[in-house]
Amino acid sequence: MHIYLQFKANITYEPGQSLRLKDVAWMSGDGVDRAAGLMLVEHTTENPVVIQAVDMVRRLEDVFPQSVVHVLGEGKTMAEPVMRTAKQKGPVLWLRAAGVGVILFFGAMLSILYFHADVNMPEVHRIMWGLLTGEEGANPLPFNIAYTLGIPAGVFLFMGGVGGKKKKQPGALEISEYEYEKSLYEFTRDEEEKES
């Protein structure tokens, strides 16, 4: 009897729930229906659980000695508990959202202002306006207006603000978030493995 296993990604559980083989791995082969119910963790806690492929294969071979187990993909996975948080409603939620929005707005505004002061942006605009029009020392108001409108337009386009939900490729922000979550998952999994 051959059993092929591949760990699932992003395994979650309710604390106190038991984890069976079907909860943590995709399975194929002979006798999968009987192997799916194999208990891996009797009672989970509020801590993440690292499951090693070697331990899983050993449990399967103990219960089904005639089986040959093939593990595809990574040799370990981590199951994390689902944390329940109290949902905030009403004015508290609106105040928090407004506070975060104000902090982000002023942080972005100050960073742009400091950048402009650092590179002496008014002088840069005067020089570029002079190069474009040939008028030395003139007021570059049209150039300033275009620059002022171009900054938010560029940020909007860079963050994927055009096209709505029809995107086929992820934007820069989604890729960064994915890489961060992947690194965090791997770090947490390795730390949990060290502790157990």
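The values are calculated or read from the model by the stated rules, or taken from the named source; none is laboratory data. Just so we're clear, the structure is a prediction, and the values are computed from it rather than from any experiment. Here Cβ is always computed from backbone atoms with ideal geometry, including for glycine, and neighbour counts include all displayed protein chains.
Can you go through Y185, Y114 and tell me which one is within 30 Å of P48 (Cβ to Cβ) and either hydroxyl-bearing (S, T, Y) or not assigned by TED's automatic domain parsing to the domain that holds V50 (or both)? Testing whether each residue is within 30 Å of P48 (Cβ to Cβ) and either hydroxyl-bearing (S, T, Y) or not assigned by TED's automatic domain parsing to the domain that holds V50 (or both) leaves just Y185. Picking from residues in the stretch 50-82 that are assigned to a loop (DSSP other than H, G, I, E, B) and free of Cβ contacts under 8 Å to residues at least 24 places away in the same chain, the one that is nearest to A9 (Cα to Cα) is G75. Is it the case, given these coordinates, that A146 is at pLDDT 85 or above and small (G, A, S)? When the stated conditions are applied, A146 passes them.
Every listed requirement among (1) in contact with a strand residue (DSSP E or B) (Cβ under 7 Å, 6 or more places away or on another chain); (2) in contact (Cβ under 8 Å) with a residue 24 or more places away in the chain is met by L40 save one, (2). Of the set (1) at pLDDT 85 or above; (2) under 30 Å from T45 (Cβ atoms), all apply to T133 but (2).
Taking the stated definitions as given, is A9 modelled with pLDDT under 85, surrounded by 16 or more Cβ atoms within 10 Å (Cβ to Cβ) and outside the structural domain of D190 (by TED's automatic domain parsing)? Here the answer is no, as A9 does not meet what is asked. Here is the figure for the stretch 83-121: residues that are surrounded by 10 or more Cβ atoms within 10 Å (Cβ to Cβ) and either at pLDDT below 85 or not in a helix (DSSP H, G or I) (or both) total 2. Within the set E136, E186, E174, E191, the sole residue that is outside any helix (DSSP H, G or I), out of contact with any strand residue (DSSP E or B) (no Cβ under 7 Å at 6 or more places or on another chain), acidic (D, E) and surrounded by 10 or more Cβ atoms within 10 Å (Cβ to Cβ) turns out to be E136. Counting the residues of the stretch 3-49 that are over 27 Å from the mean Cα position of the chain (by Cα), in a strand (DSSP E or B) and not aliphatic (A, V, I, L, M) gives 3. Look at the stretch 126-138: where a residue is under 19 Å from H116 (Cα atoms) and a partner is in a helix (DSSP H, G or I), sitting 6+ places away or on another chain with Cβ atoms under 6 Å, you get W129/F143. Test A108 against the stated conditions and say whether it is among the small types (G, A, S) and more than 31 Å from the chain's Cα centre (by Cα). Spelling it out, it is not the case that A108 is among the small types (G, A, S) and more than 31 Å from the chain's Cα centre (by Cα).
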